[in-house]
1. Under a cut-off of 12 Å between alpha-carbon atoms, report the aspartates and glutamates in cross-link reach of Lys400, not counting same-chain residues fewer than 8 places apart.
2. Residue-wise, which Karplus ³J(HN,Hα) couplings in Hz belong to the stretch 26-34, taking 6.51 cos²θ - 1.76 cosθ + 1.60, θ = phi - 60°, and x for glycine or proline?
3. Mind checking which of Thr241, Met336, Met23 is farthest towards the positive end of the chain's charge dipole, using Cβ charges of +1 (Lys, Arg) and -1 (Asp, Glu) about the Cα centre?
4. If you average the C-alpha positions of the stretch 253-270 and of the stretch 104-124 separately, how far apart do those two centres end up, in angstrom?
5. Of His34, Ala74, Gly389, which is farthest towards the positive pole of the chain's charge dipole, taken about the Cα centre with +1 and -1 on the beta-carbons of Lys, Arg and Asp, Glu respectively?
6. Classify the stretch 172-265 as rounded, prolate or oblate, taking a ≥ b ≥ c as the square roots of the eigenvalues of its Cα gyration tensor: rounded when a/c is under 1.5, otherwise prolate if a/b is larger than b/c and oblate if not.
7. Tell me which of Thr347, Ile297, Asn85 sits at the most positive position along the dipole axis of the chain, charges placed on C-beta atoms (Lys, Arg +1; Asp, Glu -1).
8. Mind sorting Phe328, Phe14 by how few other Cβ atoms lie within 10 Å of their own Cβ, fewest first?
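What follows is calculated from the coordinates using simple rules that are stated; it is not laboratory data. This is a predicted model, so every value here is computed, not measured. Glycine gets a Cβ as well: all are built from the backbone with ideal geometry, and neighbour counts include every protein chain shown.
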Amino acid sequence: MATPPPVTDLLARFVSATDLSSMSAKTLANAKMHILDVLGVALAGVATDVAAIALDYCKELGASNEASIWGTQAKASVSSAAFANGLLAHALDYDDWDAFIHVGHPTSMIVGAALPLAEHIGASGRDFLTAYVLGMEVICKLAANAPNVQERGFHSTPVFGSLGATVACAKLLKLPVEKIKAALGVASSGAGGIHRQQGSMVKPFHAGNSARNGAEAALLASQGFTADAAIFEAPRGFCDTFFGPDTCDYEKMVDNIGQPYFLDSPGMGLKWHPCSAPQFLAADAALQLKREHKIDIADVIKMEVSIPPKRYARHYSAEVKTGLRGKFAINFVVAMCFLDGKLEIATFTDEKVNRPEVQDAFNKVQVICDESIPEPGPYCPVSVELKNGTRHSYTAKIAKGDPRNPMTEEEVTEKFRGNVRGVISEDRTKNLVTAVQNLEIVDNMQKIASLLTPA
C-alpha cells in the first residue's frame, strides 16, 4: 500500500495558518446559528437529572474562578467547566446532528470546551468563531473519509468530538504546529465512547468527557506535553485503531480542506425535535398525518412505521419507562406525535412517559422491519388505521432541520428563546442573541459567558 500523506502535520498546519478571512459569509452565519443553538440547549439541560448529578460532582472537585458553568452561578477550572458544559449541551439530545457523515453531535463538545477556555484567557469573539469553524472542519474531513465508526460499536460523537474540541482549544491558545500535533496525539488517546450507551446518562457524559479531553489536551500541549506526531496516519494510530487498517482515505482527509467549509456545504443539521435524529423522519411523517387528517388518538386502532433492519435493531423498544429511553425509541416518538401533535422537551420526562394514556398510545404502534428500505433509512413510511375503517399513510424523506430542509435563522432564534426561558432573564436572552450574531466584534468572550449565568 502507498505511504499515506502526513495527515496530522497537514491538518495542524491548516489550523495554525487559517484565520477568519478564508471563511465565507454563509459559513460564518451557519456557525453562529449552531453556536446559539447549542447554548440554548445547554441552558435547558440544566434542569435534567443527569445535569444535577454532574454539577454536584463538579462542585466536589473544588472551586476555581477560571470559567463559568452555564445556567448556574458556579465557576470551575477550564477542564471541569468544559466537562459540565459539554454534558449540559448534550443532556437533552437536542443539539446539532450530522445529516451526511457519521461525526455525531460536534458542537456540544467544541463549544463546551472552547468557550470556557476563551473566557479564561479573554479571547475575542473573532478568535472564538475561527476556532469553532476549524474544529468542525477538521473532524468533518476525518469523518467523511472514514468508515462509520458506530458499526464497530463506538459512539461517533465522542470519538470525533474530542478532536474537534482539541483543535478549537489549540487554535485559541495560538499553538504552533508541533504543539497542535501533540495536542491531537494526547486527545486521540482520550477519545472513545460505546454506542450501546444511548438512552442512558452515559451518552451526555460522552460529550462532557470529550470536551474536557479536548481542553486538557490543548492545555497540556501548551506546556510542552508530547505525543506521537503522526497519530492519524501512523500504523496502530487513531485511524487504524478506530476504523481498522487500510480503511480510511488519507488523501481526501487533507485534500481541499476548507474549500468549501463543511458548515457551508453540505452543512450540519439542527434539531427540530428534542430526540435522537434517526427518529426525525418518523416524527415528521406522523405529525403530517396528525395535522392533515386532524386525527384524535381515541379514534386510532393502530399506527405503523417501517424501518430497515439495522435501524429496527437500534431504535425499536418493546418497553419505554424513562424519558431518556423514549428519545431513542421510534415507536414512542410516533405515539407521542399522534397523541399530542408535537414533540417538546416535556415529552421526554419520566413522569410523562409513564402516564396511562401515553402507554396506551405507545402500545398501539407497530414497528415493521422492512428489508426493502435501504440502510440507514433515507425515507420512512408511517400509516395510521382508524376505527371508522379508514387508513392514511405518509412517507417522509428529508427531515426538518436537515441542511436540505433547513431551519431558518428565525426558527433557530425562537428555539433558543424557548430553551432559555426561565433560566436567564429576557434582557440577557436578547443581549446573548445579539452578541452571538455579532461575534466578530465581541472583544472578550467573558461578556458572552457572563450572559449565560442567571441574573
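1. Leaving aside aspartates and glutamates fewer than 8 places away in the same chain, those within reach of Lys400 are Asp284, Glu411.
2. Working through the residues one at a time gives 5, 4, 5, 5, 5, 4, 5, 5, 5 Hz.
3. Farthest towards the positive pole: Met336.
4. Comparing the Cα centres of the stretch 253-270 and the stretch 104-124, I get a distance of 20 Å.
5. The one lying farthest along the dipole's positive direction is Gly389.
6. It comes out rounded by the Cα gyration axes.
7. The one lying farthest along the dipole's positive direction is Ile297.
8. Ranked by crowding around the Cβ, least crowded first: Phe14, Phe328.
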